[in-house]
1. Kindly state, to the nearest 0.05, the FRET efficiency for B:A505 paired with B:E445, given R0 = 30 Å and r defined as their beta-carbon distance.
2. Tell me which trypsin sites (Lys or Arg not before Pro) from the range B:537-610 have a DSSP coil assignment and no more than 15 other beta carbons within 10 Å of their own.
3. Could you calculate the FRET efficiency of B:A548 with A:A65 from 1/(1 + (r/R0)^6), where r is the beta carbon distance between them and R0 is 41 Å, rounded to 0.05?
4. Going by Cα centres, the range A:94-135 and the range B:281-322 are how many Å apart?
5. Over the alpha-carbon set of chain A, work out the extent along each principal axis and list the three values in angstrom, largest first.
6. Run the quick spin-label model on B:Q115 and A:T177: label points 7 Å from Cα toward the beta carbon, then report their separation in nm to one decimal.
7. Stretched out fully, how many nm does the piece from B:I50 to B:L399 gain, at 0.36 nm a residue minus the Cα gap?
8. Would you compute, for the Cα atoms of the range A:167-232, the largest minus smallest coordinate along each principal axis and list the three values in descending order, in whole Å?
Amino acid sequence: MSAPPKPTKGPTAGRRALVIEDQNDTRAWLIQTLVTAFDGIAVAGVASRAAALAWLRTEGGGAPADSAAKWIALIDLGLPDGSGLDIIREIDRRHGGIVPIVTTIYDDDQHLFDAIAAGAQGYLLKDQHPDMLVQYLHRIDGGEPPLSPSIAQRMLKHFARLKPQAVPDEAGAGTLTAREIDVLRLLGRGLRVAEAARVLGLTPHTIAGYVKNIYRKLNISSRAEAAIEASRRGLT
Amino acid sequence: MIVLLPSRIVQGATLLCLAAVSLTLWIALSQPWLGIALKSGGETQPVAIISTHPSGPARALPLPARLVAVGNSGAAGPVEIEADDVIEEPDMFETYEQTGRFMQRQTTLAALLRQPKVALTVATESGQTQSVDLAPARRPLADLPLAFWIQLFTGAGALLIGAYVLAMRPADIATRLFALSGAMITVSAFAAAIYSSRELAIDGELFRVLSAFNHIGALGFGMAMIALFLIYPRRLVSPRLLWIVPAVFVPWLAADILRLAPSQPVGSQLPTLIEMLLIVVMVGVQWLVNGNDPRARAALNWLGLSVIVGAGAFVSLTIAPVLVQMEPVIDQGHAFGFFLLIYAGLALGVGRYRLFDLSEWAFRITFYTGATLLLFAIDAALIVFLQFQPASALGIALLLVGFGYLPLRSLLWNRFVARRGLPEHELFRAIIDVSLAVTAAERSERWRQLLQRLFDPLVMEETQEAVAAVEVREEGLEVRLPPAAATPALVLRYPWRGRRLFGSAHQDLARELVRLMLYTEESRTAYERGSIEERQRIARDLHDDVGARLLSGLYKTDLGETHRVLRDAITDIRTIVSGLSTDQPPLGRMIAALRHETGERLAAAGVELDWPLDPQDDSPLPLDYPAYRCFSAAHREIVSNIIRHAGARRVSIRVHHDGERLTTTIADDGIGIDAAHLEGSPTGNGLRGLLRRVRDANGHVAIRRLPAGTAVEITIPLRAATAAAPQASAPDPHPHPAFEGCVEAGATPRVRTT
């Protein structure tokens, strides 16, 4: 077994991260992983949803918008005082300079799909080897979010049943392009980004761009659906 | 056969009562009236005029005065008034001769009073007599004395309460006797009300008839009560023997009416007293024999006490004194009020002591029936009222009726009278609601609520009798439902609050209801069984896979190895929770997941993967959970082995299936497999586990040495044991027939080495 390369990014002054995890050991370990992955990053750890939202209120405003070195939030979904989804939504709404990433132990697609719809820009499985985790973190940070076959299949179904008029045509958020559908199909059959790129004759970077776009469209369409649902029920 | 609905009996009795009350009032009011109140004042001053009606014909009479004679200028000479003429109840005479003379005088006086002009001879206090001519008029309603109303009220109440008890159990002899006793009180009281409230005289023939009715009613009440306590609460004699009671008292009654008895007290008061004594005796006997039945005793205490206190007070205060030649202690008219005690007592006791096995619901039928009658009465009153409105006020009145009364009436009608049902389309939803309730108690509660909504029965009770199917009984008065929704068999009686009967359409509805209920329950049971199987499957898999893995991790000394074991355990848990034993994931989904996972793992280990897409991969073919679990675990194990031991740079994987069997070939270009692995050395734990898994799934493993590296071929059936596929609906002692059948098949894994 050969150890994977351990690339680290250059020092990024002032870069910060937040780990939201109620298990003390796991939290310490995730903080360590972040420190390993990103030189000079300042990592805070909290154990509850309330503490996370408080941190976002006081510290989150400092996150740099439109910067290559966005802040990172690792979010456990099952928190003692509520769902991590709320934190993801809060970041999605108010903190464009923070990348919300789900850290979970079980990759059941329902939770992950909902998290992506809420605005998560990636997810990590906590039981992975630390080296692998670092690698995945870099991929997400570099704009290449993960997409497991089951989530790809779920996305295809989601967009197929989505009524085009249900989502305001914000850069075609309600529909997928033919290329995006091709990418989802290949990923849904278990290919990784590099393999899908080879099949389609594109660069992995382009495929990663498609995936990122699909993430964004799912987020927009879910938000629009939620708004439509709310207005249908007279909540707004 | 005509079935009497409870509400019909009560309504019929109400109408009968109204008719009887009207007749009584009509007779009482159509007698000639002078507007004087008379009172017997003793031998010397026989009859005193104690008051005159302010607007009556005699309003000008000077008071105080006494009435000396009644005459008529044209016809016969004046008749002198005697003290006995104003007697309330002629039964008090000792001999029939006295009664006969009294009746004759009543006839004479009544004839005089019917003349257009009546000459009254009155004596003032100073002793002067004077004659006054008066013209009799019609008696106003308000002039009727309190005693009249007490008797009328008592008679009406006894009739209605008796009818209401009868309505609940029309076939029961006890309730029939009770209702009969009430009707007898009515006959007796209404007759007495007329003659005891006469001003001075009514026609003797009418008097005689009324008196006879009074006697019939009084003795009839006693007979009915004696018979009642002979069979209630406990049946002491056969119902046929009850005829002995009238056999004794009816001849006695006839002798009295025909004046054949030795004396009037013997003919009239004595049998009444004997009856009263017999009632007391029978209540006592019932009390003794019901010593070991507290419920019967409680009912008896209440009913017996009411009867003894009510009838006993009447008899001892008005009848008994006559027998010992004393004056009655209290007017008979007022004393009639005691009888109301009996019936009011019963009404109060029904709910508390379950008299005649009735319960609170018995009140409700009266209430709802009363509501119907009341609404009709208001309607009628409104129509009459509107007729007499002056034209100017009519418009306003109509507006009030339109916007006020009609909506209110509709509300009341819907609340108390209208039949409430359930639209057909809601039926299924209602049944689903019942069957999806979590606890059995909740299901039972909802089931009863649904039945209440559908049929609105007055009684819904469980029955211990076996009910196999929906059956309508007692001519539509009740329906029986078999056990359903965690509820024993139910009996529903008096649908729609006793206003309608169960018909064949309702029987069909009830059948459909029970059928749907049982069907959804069956599905629910199957679902529950499925979830139990699923729980057992998860428990077993957790124990077998995760437990075994964690145990091996416990004894590892190398931390890296321990970490690996823990990660593998987590992967196992993922497989276990993602698979559903009843779910059959498509083959394509499993291959996609395996391809992705393998790619990631090999990439992390720096190994190249050659696993091209194959149209066969994307198969929707369903995969049994055991096959899925076995195949992915074996696949995973082989890849782990390669990463850890083979030193390979490249792995080629091909998967194909023929619809029956699934085969995967995993070839690496590593150092080649060590013979020790095949022999089951300590380092070969993973491989041995793999072999066991594959054997359990009825498949086989072939391991070949390649010129460079190793190729492993795993073949398993897509459905581990097609013949013994689990069936969700059939009960099965084995939670996993397919899986266990495969163990029993015990195929030995064939390991070939080349």
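1. E between B:A505 and B:E445, to the nearest 0.05, is 0.65.
2. Here the sparse-neighbourhood loop sites are B:K556.
3. So the FRET efficiency works out to roughly 0.20.
4. Result: 86 Å between the Cα centres.
5. The Cα atoms of chain A stretch 49, 45, 32 Å along the principal axes, largest first.
6. 12.7
7. Result for the pair: 120.5 nm of gain on full extension.
8. Largest to smallest, the principal-axis extents are 44, 21, 16 Å.
We did not get these values from a lab; they are worked out from the coordinates using the rules stated. Because the structure is a prediction, the values reported are computed rather than measured. Virtual Cβ from ideal backbone geometry, glycine too; neighbours counted across all protein chains shown.
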